[in-house]
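Asks: I'd like to ask some things about the structure below.
Throughout, read-outs are computed from the coordinates displayed, never taken from laboratory work. Computed from a predicted structure; not experimentally measured. Don't worry about glycine lacking a Cβ; one is built from the backbone with ideal geometry, like all the others, and counts go over all protein chains shown.
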Amino acid sequence: MSLITLIDFSELGDERGQLVAIEGSRNIPFDILRVYYMTRLKRDLARGFHAHRQLQQIAICLHGSCRFVLDNGCSREEIVLERPAQGLLIGNMIWREMHDFSDDCVLMVLANEYYDEEDYIRSYSTFLEAVQHA
Ligand code: T46
């Protein structure tokens, strides 16, 4: 099964511009407790390099583009996000990396829990051990 799950949101645009609506537990599979976003990203400064024990998230590239790498400990896949009406579902126990941010990239992430550093696995070897013993 692919590691890449994309959600296409309805585009409610008209001659005035584009509008996309995201409703917790309606067009995404969880209630939203936290939203964060990243701007002024650098193409050669990759981010991520961690997994979450429990957290589920949806990443949406609102402007520009970036490349996500997802890894479940057995296989690794990548996807370029460049459409503001498309979300990438990132489940728990998935290693993620973000690369190749365009100069104008605005990356927004919706999360089903508040920030909790204890939920992060920031070592790849610890992540591999955890998935192998799950
Ligand atoms: C993820 C990817 C896609 C907070 O205090 N609150 C927050 O809600 C977040 C997300 C981060 N932080 C702090 C933790 C660090 O001191 O902000 C700093 C930067 O976070 P981090 O290095 O984890 O950022 P990324 O871009 O590597 O990862 C982020 C999310 O943390 C992570 O959950 O899945 O984006």
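Asks: Please list, in chain and number order, the residues 5+ apart from residue 33 or on another chain whose amide H is under 5 Å from its amide H, with Hs placed from the backbone.
Replies: HN-HN under 5 Å from residue 33: 111, 112, 113.
Asks: Related question: State, to one decimal in nm, how far the label point of residue 32 lies from the label point of residue 115, with both points 7 Å from Cα in the Cβ direction.
Replies: Spacing of the two 7 Å Cα→Cβ label points: 1.8 nm.
Asks: May I pose another question? Spin-label point model (7 Å from Cα, Cβ direction): what's the residue 2 to residue 123 distance in nm?
Replies: Between residue 2 and residue 123, the simple spin-label model gives 3.4 nm.
Asks: Identify which of 86, 18, 56 has the largest mean-square fluctuation in a Gaussian network model of the chain, with springs joining Cα atoms closer than 10 Å.
Replies: 18
Asks: Using label points projected 7 Å from each Cα along Cα→Cβ, tell me how many nm separate residue 45 and residue 99, to one decimal.
Replies: Reported label-point gap for residue 45 and residue 99 is 1.9 nm.
Asks: Next up: Could you point to the residue in 24, 13, 48 farthest towards the positive end of the range 10-55's charge dipole, with +1 and -1 charges on the Cβ of Lys/Arg and Asp/Glu respectively?
Replies: Result: 48.
Asks: Relative contact order for the range 11-134: what is it in percent, counting Cα pairs under 8 Å that are at least 6 residues apart?
Replies: In percent, rounded to a whole number, it is 35.
Asks: Right, another one. Ranking 105, 61 by Cβ neighbours within 10 Å, fewest first, what do you get?
Replies: Exposure proxy ranking, most exposed first: 105, 61.
Asks: Oh, and also: Report the normalised scattering of the range 54-109 as log10 I(q)/I(0) at q = 0.25, 0.30 Å⁻¹, calculated by the Debye formula with identical scatterers on the alpha carbons.
Replies: -0.98, -1.24
Asks: Please compute P(r) over all alpha-carbon pairs of the range 18-134, binned at 5 Å starting from zero, and give each bin as a whole-number percent.
Replies: 2, 11, 21, 23, 21, 15, 5, 1, 0, 0
Asks: At 222 nm, what helix-only mean residue ellipticity would the chain give, in deg cm²/dmol to the nearest 500, using -39500 (n - 2.57) for each DSSP H run of four or more?
Replies: -2000 deg cm²/dmol, from helical runs alone.
Asks: Let me ask something else. Would you work out which of 1, 65, 112 lies farthest towards the positive end of the dipole of the chain, given +1 charges on the beta-carbon of Lys and Arg and -1 on that of Asp and Glu, about the Cα centre?
Replies: Result: 65, furthest along the dipole toward the positive end.
Asks: Would you mind computing Rg(Cα) / (2.2 N^0.38 Å) for the range 14-86, counting N as its residues?
Replies: Relative to the 2.2 N^0.38 Å estimate, the range 14-86 comes out at 1.28.
Asks: So how strong a dipole does the chain carry about its Cα centre when Lys and Arg Cβ are +1 and Asp and Glu Cβ are -1, to the nearest 20 debye?
Replies: With only Lys, Arg, Asp and Glu charged at Cβ, the dipole is about 180 debye.
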